[in-house]
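A short worksheet on the structure shown next.
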Amino acid sequence: MTDHSSAPSPNGKGDRQAATLEFRHATKRYPGQDSPAVDKLSLEVPAGEICVLVGPSGCGKTTAMRMVNRMIDITDGDILLDGQSVRDRNPAELRREIGYAIQQIGLFPHLSVADNIATVPKLLGWDKKRIAARVDELLELVSLDPHETRDRYPAQLSGGQRQRVGVARALAVDPPLMLMDEPFGAIDPINRERLQNEFLRLQRDIRKTVVFVTHDIDEAIKIGDKIAILQKGGKLAQYASPGELLMYPNGEFVEEFVGADRSLKRLALQRVRDIDLWTAAQVRVGESVSEARGKIADSDLDYALLVDDQGRPEGWLSESAFHGERVERKLRSPADPCVELDDILRDALADLLTSDTRYGPVVDDHGKVAGVLSLEVISNFLSDAPTETRTSVDLIEEEA
Amino acid sequence: MTFEPPIAQLQTRDRSGESGCVIDDGLCPDWIVDNFDRYIDPFWQHVYLTVTPVAIGFVIAFTLALIAHRRTWLVGPIASVTGTLYTIPSVAFFFLLQPITGLGNTTAIVALVCYTLLIIFRNVITGLRAVPEDAKDAARGMGLTERQMLWRVELPLALPEILAGVRIATTTTVGLAALAFLAGGGGLGQELDQDPFFKSNVVVAGGLCIVLAALLDVIILTFQRFTTSWQRAAA
């Protein structure tokens, strides 16, 4: 990934840049316990990237995150924020510079949404006008209507809305680093997926450095630029990008944790345009049969695809279409399923599996045929080593 | 040590030469209308004997609760001491204090303050303990100091419980203040005691006690509604 440290903050107002974060042999030992909760954790998070800490319960992932803003004090080693040790900082002041969002959200029930979001700005002594403007800006950023939401109390919001307010509150002073502890853990699966997508879109704009804790490997793969897999005893098992982790797990523990379906998970990180498609014989009505047969011979399929004047797929031609001199409009099956170049490979695979043909035309932005996707194409892709690995943020970026 | 029973100093009111209803110790509307004035001063004394102990008691109990909030080992001892004070019968308390503070308001108020301590202390502690852990974690994580967290998060969230304690303490004190005359403190209790067999007197003096208790309760309740509107937001 490229370095995003110079990316501007939302609306170019805050001008706070993302920070780099470095764990340097960071260790947490609790008195009376034999093994440390976090054991010599060393990893670097480049500015503007999401680092997911993932692992089974008791692996120290939350402890590691809470050491960053000194909610838990480091026993040994160090954590550096933009090169400066957090141990040298006053804890309260340090925390005001670091966004903090937790699974239980922890909204203050006695304060309105606006006052909740204004918590840190008030501590920093912002004036009222600036706070009010920032509150509205943040509510819009997390897709909530400021007029409707501002004066409500947390008890009057749905779970998803509360989560959004929690994220807005954590972003209030445009912190260069965000800590998020299973922020979507208490949300139902459908809304969780929506919130994850929203968060990735948001991250595309704000480019924060994020430490994100989860126990869910699928969430880690979806959210993370880099994933740190921790195992019991707070040891780092592997620190790599999602694609690398899925292709090259460095041991039994990671392999097992990532899951037997890790090759399928790779499909969620790729688009149809990323793989080598089959070529299709594109034939128009009225074309000479011999010419059309030549196209079929050159293509990867035994069937020809009937296209209209704009090159859009109309259906697969039957053998009887070639009985005369000119190609006739006789279809053996419709052009289903039709997938787009921008579709996520996993979704395209799902489309193929639900159809009878096991292959389908791929179209570009204008609806023109760009090739054919089949189960064989996908399985070839899965058996090859990836040429490049990408992340969900990259995918969303391309979409924009 | 010998105690002079203060009751001996009280005198029964002279009602000779009044109408038949009054002589018969009945409920006489005419007499009530004519004599209502004489209850006004005792009423205000009673207000004083209620509000002052509750206010002083609140300051003491609240301070103790804040001290014990972060030093939980103190909660037990403080609750024991205030609990012991609470069990002392009020008449005995007045007599015990008399050699130290003499006859009058001071004795009554000192005793009444002691009765409010347990209720208010326990309610403040309960309220602070009921503050959701996640709100406190978020507050710390956002960089509130312990003091900021106490005043901006914990106390506002504990307020309903704290005010509930103040309400109970106030109502209790209105009742106990009716015995303050035993310590020479005056109030509506003295009016009751001066003519306990005259129905008109008992109804007016007792009724005013009830009215006072209800009035103070409504005042605190109104304050609570204004300061804790968030509590009704969920509905």
| note | Stretched fully, the stretch from B:Ile23 through B:Thr72 gains (0.36 nm per residue minus C-alpha distance, one decimal, in nm) 11.5 nm
| Most exposed first by the Cβ proxy, i.e. fewest other Cβ within 10 Å, how do A:Lys222, A:Lys129 rank? | A:Lys129, A:Lys222
| request: Along Cα→Cβ, 7 Å out, is where each label goes; now give me the distance between the ones at A:Gln84 and B:Ser80 in nm to one decimal. | output: 4.9 nm
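Rounded to the nearest 5, what is the percent of antiparallel bridges among the DSSP beta bridges in the protein assembly as shown?
Details: 31 of 55 bridges.
For the protein assembly as shown, the DSSP antiparallel bridge percentage is about 55.
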| field | Dipole axis of the protein assembly as shown (+1 Lys, Arg; -1 Asp, Glu on Cβ), positive-most option in B:Phe93, A:Leu269, B:Tyr115 | value | B:Phe93
| Whichever lysines have a C-alpha closer than 24 Å to that of A:Lys40, once near sequence neighbours (fewer than 8 apart) are set aside | A:Lys28, A:Lys61, A:Lys226, A:Lys232, A:Lys235
| message | Compute the helix-to-body angle for A:345-354: its Cα long axis versus the longest principal axis of chain A, expressed 0 to 90° and rounded to tens. | response | 50 degrees
| Just the Cα atoms of chain B, one point each, no solvent: what log10 I(q)/I(0) does Debye give at q = 0.09, 0.13, 0.16 Å⁻¹? | -0.50, -0.85, -1.10
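Can you give the FRET efficiency to the nearest 0.05 for A:Val285 and A:His366, using r as the Cβ-Cβ distance and R₀ = 25 Å? Walk me through the numbers on the way to the answer.
Working: r = 20 Å, r/R0 = 0.81.
So, using R0 = 25 Å, E works out to roughly 0.80.
What helices in chain B pass both tests, a Cα length along the helix axis of 27 Å or more and a mean Kyte hydropathy of 1.6 or higher, using whole DSSP H runs? Don't skip to the answer; put the middle values down first.
Values: long enough: B:40-69 (42 Å, 1.35); B:105-129 (36 Å, 1.37); B:155-177 (31 Å, 1.25); B:199-227 (42 Å, 1.56).
Sorted by number, there is nothing, because no helix extends far enough and scores high enough.
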| said: Once you place label points 7 Å from the Cα toward the Cβ at A:Thr354 and A:Asp73, how far apart are they in nm? | reply: 5.7 nm
| query | Taking N as the number of residues in chain A, what is its alpha-carbon radius of gyration divided by 2.2 N^0.38 Å? | reply | 1.21
| remark: Helix A:128-141 sits off the longest principal axis of the Cα atoms of chain A, rounded to the nearest 10 on a 0 to 90 degree scale, by 30 degrees
| field | Of B:Ile119, B:Ile162, B:Ile88, the one that fluctuates the most in a GNM where chain B has Cα springs shorter than 10 Å | value | B:Ile88
| task | List the extent of the Cα atoms of region A:98-155 along each of their three principal axes, largest first, rounded to whole Å. | result | 29, 25, 21
| task | Using Cα centres only, tell me the gap between region B:197-214 and region A:147-226 in whole Å. | result | 62 Å
| said: What is the distance in Å between the Cα centroid of region A:329-348 and that of region A:262-315? | reply: 10 Å
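What is the fewest-to-most order of A:Thr119, B:Thr172, B:Thr126, A:Thr209 by other Cβ atoms lying within 10 Å of their Cβ? Could the numbers behind the result be given before it?
Working: A:Thr119 24, B:Thr172 18, B:Thr126 15, A:Thr209 28.
In increasing order of surrounding Cβ atoms, one gets B:Thr126, B:Thr172, A:Thr119, A:Thr209.
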| Which Cα, out of A:Ala370, A:Leu171, A:Met71, lies furthest along the positive dipole direction of chain A (beta carbon charges, K/R +1, D/E -1)? | A:Met71
| field | Partnerless Cys - chain B, beta-carbon criterion under 4.7 Å | value | B:Cys114, B:Cys209
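To the nearest 0.05, what FRET efficiency results for A:Arg201 and B:Thr101 with a Förster distance of 56 Å applied to their C-beta separation? Let's see the in-between values first.
Details: r = 72 Å, r/R0 = 1.29.
Computed FRET efficiency for A:Arg201 and B:Thr101: 0.20.
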| GNM flexibility winner over chain A from A:Glu182, A:Glu137, A:Glu328 (Cα, springs under 10 Å) | A:Glu328
| field | Virtual paramagnetic centre 7 Å along Cα→Cβ of A:Ala133, amide N under 18 Å, in region A:145-183 | value | A:146-147, A:172-175
| query | Given a Förster distance of 45 angstrom, what is the FRET efficiency for B:Phe197 paired with B:Thr227, based on the Cβ-Cβ distance and rounded to 0.05? | reply | 0.50
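For A:Asp151 and A:Asp261 in the same chain, what is the full-extension length gain: residue separation times 0.36 nm, less their Cα-Cα distance, in nm?
Numbers: separation 110, 0.36 × 110 = 39.60 nm, distance 4.62 nm.
Residue separation times 0.36 nm, minus the Cα-Cα distance, leaves 35.0 nm.
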| field | Tensor-based shape of region B:167-218 (alpha-carbon gyration tensor, a/c under 1.5 rounded, otherwise prolate or oblate) | value | oblate
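Could you give the size of the charge dipole of region A:270-339 about its Cα centre, using +1 on the Cβ of each K and R and -1 on the Cβ of each D and E, expressed in debye and rounded to the nearest 20?
The dipole of region A:270-339 has a size of about 140 debye.
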| Counting Lys and Arg as +1 and Asp and Glu as -1, each charge on the Cβ, what is the dipole of chain B about the Cα centre in debye, to the nearest 20? | 1300 debye
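Please order B:Trp230, B:Trp73 by the number of other Cβ within 10 Å, starting at the fewest.
Listing B:Trp230, B:Trp73 from fewest to most nearby Cβ atoms yields B:Trp73, B:Trp230.
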| message | Between region B:137-151 and region A:33-63, how far is it from one alpha carbon centroid to the other, in angstrom? | response | 25 Å
| For chain A, modelled as a Gaussian network with Cα springs under 10 Å, which listed residue fluctuates most, A:Leu41, A:Leu301, A:Leu81? | A:Leu301
| How much length is gained on full extension from A:Tyr248 to A:Asp302, taking 0.36 nm per residue of separation minus their Cα-Cα distance? | 15.8 nm
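Just so you know, all these numbers are worked out from the coordinates, no wet-lab data involved. This one's a predicted model, so the numbers in the text were calculated from it and none came from an experiment. All Cβ positions, glycine included, derive from the backbone under ideal geometry; neighbour counts span all protein chains shown.
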